[in-house]
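This report refers to the structure that appears directly beneath it.
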Amino acid sequence: MEVQSCVKIINEWDIVAARQLGRNVAKDLGFGTVDQARVTTAISELARNIYLYAGQGTVAIEKVQRNGKAGMKIIAVDEGPGIKDIRKVMEDGYTTSGGLGAGLPGVKRLMDEFDIDSTPGKGTKILATKWLR
Amino acid sequence: MRIPILKLYDCLLVSIQWELDDATALQFQEDLLQKIHETNANGVVIDITSIDFIDSFIAKVLGDVFSMSKLMGAKVVITGIQPAVAITLIELGITLDDVLTALDLEKGLEKLQQELGD
């Protein structure tokens, strides 16, 4: 069976589909239970952000290799309103949803690498990678 | 699918056995408050031993269930939080400070009896 590597986020059920896909890939790569929980949670938060703020978008999961190390990369893309002040959303406790999501600083802490690119009016792309220890 | 809520003397017992989606979590919130109202329960134990991850939404629902039940006059203890769940919640920045917790169902029931004062 081929692993589906991209989930379209349109409704709240797609959030469940995205994190299940992520958990399966993490298990497959040999991540331990704690890292599986980290990756699953990070995907859930990113997919929820898309659902809440952009309406729709995609979450893709990629197996990656670097310097002989294996890992998995989450790519969350939307064409929503974008983020005006990235520095501000990366501050702990900043919220525009009244506390529905834990926010991006939490996701950054769960993952090893985190990169965000956003253009107001165009959309947001977030890359987050976890390496196998 | 709805989460079963069992009555045990003056307490309610819930064991969440599968991954919660948003709709199920919100339905559970409503069902539990309704059941507290119907049964006059003083305390609730929610066991989440089988849950292997909690995101900010589920954490918010659980925290809200605790506060809402408290408003009605019932105490809630959450039991069986797995190591991986505790680690990810704290890293995510969610502390669930006010929520009562215990290691397992047995200790949860004990804690509830203490809290209820008998």
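Structure values in brief
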quantity: Dmax and Rg, reported as Rg then Dmax, of region B:3-118 (C-alpha, Å); calculated: 13.1, 38
quantity: Within region B:70-96, backbone nitrogen closer than 14 Å to the virtual label 7 Å beyond the Cα of A:Thr33 toward Cβ; calculated: B:80-88
quantity: Partner chain coverage, peptide B:87-96 - average Cβ within 10 angstrom; calculated: 6
quantity: Cα-based helix-to-principal-axis angle, B:22-39 vs chain B, degrees rounded to 10; calculated: 20 degrees
quantity: Average beta-carbon neighbours from other chains, 10 Å sphere, peptide B:47-60; calculated: 5
quantity: Centre separation in Å (Cα based) which lies between region A:107-133 and region A:30-58; calculated: 11 Å
quantity: Counted charge near B:Thr101, where neighbours are those whose Cβ lies closer than 15 Å (Asp, Glu -1; Lys, Arg +1); calculated: -3
quantity: Bridge type composition, chain B - antiparallel percent by DSSP, nearest 5; calculated: 25 percent
quantity: Degrees separating the helix B:83-92 axis from the principal Cα axis of chain B, which is the longest one; calculated: 70 degrees
quantity: Cβ-Cβ FRET estimate between A:Lys125 and B:Leu71, R0 fixed at 35 Å, reported to 0.05; calculated: 0.25
quantity: Antiparallel content of DSSP bridges confined to chain A, in %, to 5; calculated: 100 percent
quantity: Fraction of beta bridges assigned by DSSP in the protein assembly as shown that are antiparallel (%, nearest 5); calculated: 70 percent
quantity: Cα-based radius of gyration of region A:14-133 once divided by 2.2 N^0.38 Å, which approximates compact folds; calculated: 1.02
quantity: Cβ neighbours within 10 Å from other chains - mean over A:107-116; calculated: 2
quantity: With Cα atoms, 0 to 90° folded angle of helix A:12-29 axis to chain A main axis; calculated: 30 degrees
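Every number here is computed from the coordinates shown, using simple stated rules; none is lab data. Small disclaimer: the values here were computed from a predicted structure and weren't measured. Here the Cβ is made from the backbone with ideal geometry for all residues, glycine too, and neighbour counts use every protein chain on show.
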